[in-house]
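The values are calculated or read from the model by the stated rules, or taken from the named source; none is laboratory data. Note that the coordinates shown come from a computational prediction; the quantities given were computed from them, not determined experimentally. Note that each Cβ is placed from the backbone with ideal geometry, even for glycine, and that neighbours are counted across all protein chains shown. When the accessible area is computed, the model is the full protein with side chains, heavy atoms only, and any ligands, DNA or RNA have been set aside. Shrake-Rupley method; radii C 1.70, N 1.55, O 1.52, S 1.80 Å.
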Amino acid sequence: MGSQGGFYQSKEFLDLVKSIGEARSKAEEDRIVLSEIETLKRRISEPDIPKRKMKEYIIRLVYVEMLGHDASFGYIHAVKMTHDDSLLVKRTGYLAVTLFLNEDHDLIILIVNTIQKDLKSDNYLVVCAALNVVCKLINEETIPAMLPQVVELLVHPKEAVRKKAIMALHRFYHKSPSSVSHLVSNFRKRLCDNDPGVMGATLCPLFDLITKDVNSYKDLVISFVSILKQVAERRLPKAYDYHQMPAPFIQIKLLKILALLGSGDKQASEDMYTVVGDIFRKCDSSSNIGNAVLYECICCVSSIYPNPKLLESAADVISRFLKSDSHNLKYMGIDALSRLIKISPEIAEQHQLAVIDCLEDPDDTLKRKTFELLYKMTKSTNVEVIVDRMIDYMIRINDNHYKTEIASRCVELAEQFAPSNQWFIQTMNKVFEHAGDLVNIKVAHNLMRLIAEGFGEDDDTADSQLRSSAVESYLRILGEPKLPSVFLRVICWVLGEYGTADGKFSASYITGKLCDVAEAYSNDETVKAYAVTALMKIYAFEIASGKKVDMLPECQTLMEELLASHSTDLQQRAYELQVVIGLDAHAVDCIMPSDASCEDIEVDKGLSFLDGYIQESIEKGAQPYIPESERSGILNISNFRNQDHNEASSHSLRFEAYELPKPTMQSRIPPASLASTELVPVPEPMYPRESYQTPVPSVSLDAGSSELKLRLDGVQKKWGRPTYSPATSTSNSTLQKTVNGITQVDGASTSNSRTRETYDSRKPQIEISPEKQKLAASLFGGSSKTEKRPAAVHKISKASSHVMEKSHVPKYSMEVASEKTASVQQPPDLLDLGEPTVTSTSPLVDPFKQLEGLLDTTQVASAVNHGSIAAIESPDMMTLYADTPAAIRNSDLLSGLSNPSIINMPGDTTTTQPMQSSKGPNLKDSLERDALVRQMGVTPSSQNPNLFKDLLG
Amino acid sequence: MGIRFILMVNKQGQTRLAQYYEWLTLEERRALEGEIVRKCLARNEQQCSFVEHRNYKIVYRRYASLFFLVGVDNDENELAILEFIHLLVETMDRHFGNVCELDIMFHLEKAHFMLEEMVMNGSIVETSKANILTPIQLMDKSS
């Protein structure tokens, strides 16, 4: 509280902060901020505001934005403030700019110059302030303007500057990896910086680089290991200690990097074992930060080539986490467990109860983490319990994002491990019922296909049983209010295909239900369409089987309504239904054969069956068919004549353009928005021709006059043109539509009706063994019992998996992974236990091959100079961290050591130059912009308040 | 990327400091802050200090009336971020002396300066309190 009302803060500011602080509601806060906005708007543009006052205004603007209101009226003042001489004022200006603007904001161009100037400042704090802004506001376009200076700063005498320069390069890498690809060696060099802060910062870009391309950095393993070792041995300055842990954040970053480098690389992993083991031993497990490092160790251990000793330590830590009372530690424990389980699945067993506790915990975060773990340990033996739990939870939450995720996981697990089809369908029903609108439509199609195709076994009774059980479940579910659209589609389709197939339900009952659906969801046209088609199928089957069809009155009303529907699709379906009902049994059976949804549809793309008809027509004097390509050309020309008074010669050119209407639009606009000077030299054969052809006489006058004038007109035309160019573009698109449309409308409509016919013509039968049903039912009942149930199932699963594991213990980890990948590749087929043997063979081959590959590359890499330098230097330099008092001696030593790196530098920069010059356009671009800015008087040295008024006005 | 944003919010849900490491529009920020603050404020002391939100996680810690919320990517070490928050508070404590909500409100820019030293491009770059505070102290002296 002592600092309240520090220096230079006006009463006004204090009052503002106080009133915001005391605001009791959002509405009150909004009122305060709105009146503040009014005040600021008035004050901030007054002339001759003292610096300090202005700084305060800017901070008040920051408040305005922070509390959710627009302060864009003041942005320009923040930009202006970055030019100030006073460091504090300047940095506040920079801060405000980074908070207000994004990298593509128009005002950025006004600070590029200032940043460039500040990067050259003698005051290192100014340089740091500028680098902060570089890290936030420089986009791909402006990188070339900054890059040379930033690279120079990498060897700045002040460590704070080197650190920020590294981060600026990191940012450039994010924005445009190619812009700094030639500078990667700098990251390696800075890793050996004698300042631990710079080294620590360098780990950030290196982590990203290694994530992208592990193999190029294998040579650094030894360096990272030796750095980590020294950090763990407390050789860094005490200032980096946190709660008695030596530089824990650096340790964590290093462990993350090692995890990447050691993944699937036995040799690299072996180099890490000692240091990771040391950290396991040294970590203080009573503090949060100690546990954070331990957790990172587990992540590392579970990523690198497995080592039994380390796995044991990891398992110990995990059990301590899980036994802890702290929810945070339990959470970390569950996460760690799900990582380790891939390598040693048996460790989950001892934590069953803890896992169940976490699953039962009211804390959502913990519960979700546990679901993640369960998801990773799902097998065909425990899939029922797990998926059941997931669905129960899914039903209870409202968070759509997570609901989607968990629904897709249920689907994935069910597709992968479903013990029975019955179960699969019931599970899918639940998922659809409760999260239908969040599920990918493909899942619905898969389900329909599954029900139609049966399960590949030649057991027709089982299939038909399954179908009738599906029908029954759907009829039951239809009683529920508000079902998701996707689910309704599945229901309608299945009812249409199989509703009356087993004779249990009468046609009038099913059609009644379908009419109810169409009525209840009358806003959903897709559902209605499905319902109508289902109706048609039911009636068709009735007719085909020789029964007399009486349409229900509600059905008739529905048809009357749909015959007049605004939706052509619905209308067509209704008319088709009408026609089908009027046909005789034989015709109907041909159109809609029952149980034919899985028959292959032969599509005669050439429409050869029409040949006779065509021949006949031509003989009668009809016009022969003109192929699409020729016909569209003709259409183009005629359209052009009408719309644009184009010469016929232009049609070929135009025609090309129409195929990609959007790109041409874009490319037409940029030349307009760019400075006209650039427009002229750029060799773009298309535009000149076009622009010369299209203009009406008045425009051609402009073309005749000097280029300077042309440009000026060009600006106006830009504004005048929109009516013109959109016109052409719309004509393009409509043209295209008509061109494609005509043919496609034909094609589409025919193919549509064909597919529908064939769709309708699908149908199989139904039958299912009652034992299967009972089994599934008992499993479902069982799962809802209590916690003990899942535990028991886990045990069973464990036991069975043990049997499997014993037979090939070392392969197991591979198996899990391979099962995953295999399942991704061929989703629905992984149902049996027969799989593992198949999958386990291929992964067995792979890792060795991988290893061989890795070994080769590491050997090559270590031969490269960089590698050896880094490897040799880093340990030496790192030892220097240890003795801080002898800093002077160190720096001598270091200057000796770092010489090579300095010598290297010029080499690097010279190589950079050609690279940049090859990037001509960009550099030129920015230079020109700079020039423009300078012309306008925005050079920081001579501020021009008038300019800003202009800009503001 | 790691850290996506750092927020300080009081227990009434009013924002006291907001720093984003990816660009969001004013409306997006407003919506996001509202959503996650509601989520975090509804939790009790025993529950995890981590909350999943959309496709990232929020690590939060409460100090008296003030909540510190850090949005991180899913592969970030939550416990370390939790301690990072504490480091930030310790650093502010060292500078302001027994820091409180009002200190941050009256010296918003300084709180931001500290963050600028500690986090760049969404990564933790400096954890030595001396290194973090030196530039701020030098600036205080020179002005």
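Quick notes on this structure:
- Entries in A:K330/B:K129; A:K55/B:K110; A:K253/B:K129 that, when Cα-Cα distance is taken, lie over 23 Å: A:K330/B:K129
- Accessible area, probe 1.4 Å, largest first, for residues B:R61, B:R38: B:R38, B:R61
- Solvent exposure of B:R94, expressed as accessible area, is near 140 Å², computed with a probe of 1.4 Å over the protein chains only.
- Peptide A:250-259 has a mean of 2 when you count, residue by residue, the C-beta atoms of other protein chains within 10 Å of its C-beta.
- Taking region B:21-91 and dividing mean pair separation by its residue count, relative contact order in percent (alpha carbons under 8 Å, at least six apart): 19 percent
- Cα-centred dipole magnitude for region B:3-142, charges only on beta-carbon of K, R (+1) and D, E (-1), debye, nearest 20: 400 debye
- With the helix formula -39500 (n - 2.57) applied to DSSP H stretches of n ≥ 4, chain B reaches a computed 222 nm mean residue ellipticity of -14500 deg cm²/dmol.
- Exercise: per-residue mean of other protein chain Cβ atoms within 10 Å, A:94-102: 3
- Stokes-Einstein D for region A:471-591, Kirkwood Rh over Cα pairs, 20 °C, 1.002 mPa s (µm²/s): 151 µm²/s
- Solvent-accessible area assigned to carbon and sulfur over region A:471-591 amounts to 51 percent, based on a 1.4 Å probe.
- Pairwise centroid distance, computed over Cα atoms, of region A:292-344 with region A:31-108, Å: 48 Å
- Cα-based equivalent ellipsoid of region A:178-324: semi-axis lengths in Å, sorted from largest, via gyration tensor: 25, 19, 12
- For region B:3-142, relative contact order (Cα pairs under 8 Å, six or more residues apart, normalised by length) works out to 22 percent.
- Taking a Cβ cut-off of under 9 Å around A:I397, the surrounding Lys, Arg, Asp and Glu residues balance to a net charge of 0, with basic ones at +1 and acidic ones at -1.
- Summed residue charge, Cβ within 15 Å of A:C299's Cβ, Lys/Arg positive, Asp/Glu negative: -1
- Orientation-averaged projection of region A:268-341 equals 4.3 nm² [convex hull of Cα atoms, one quarter of hull surface area].
- The C-alpha radius of gyration of chain B, expressed as a fraction of 2.2 N^0.38 Å, stands at 1.01.
- Semi-axis lengths, Å, region A:254-393, gyration tensor of Cα atoms, sqrt of 5 times eigenvalues: 27, 18, 11
- Within region A:106-197, the proportion of C-alpha pairs whose separation exceeds 23 Å stands at 17%.
- Accessible area per residue (1.4 Å probe, heavy atoms of protein chains only) ranks A:E628, A:E103 as A:E628, A:E103, with the largest value leading.
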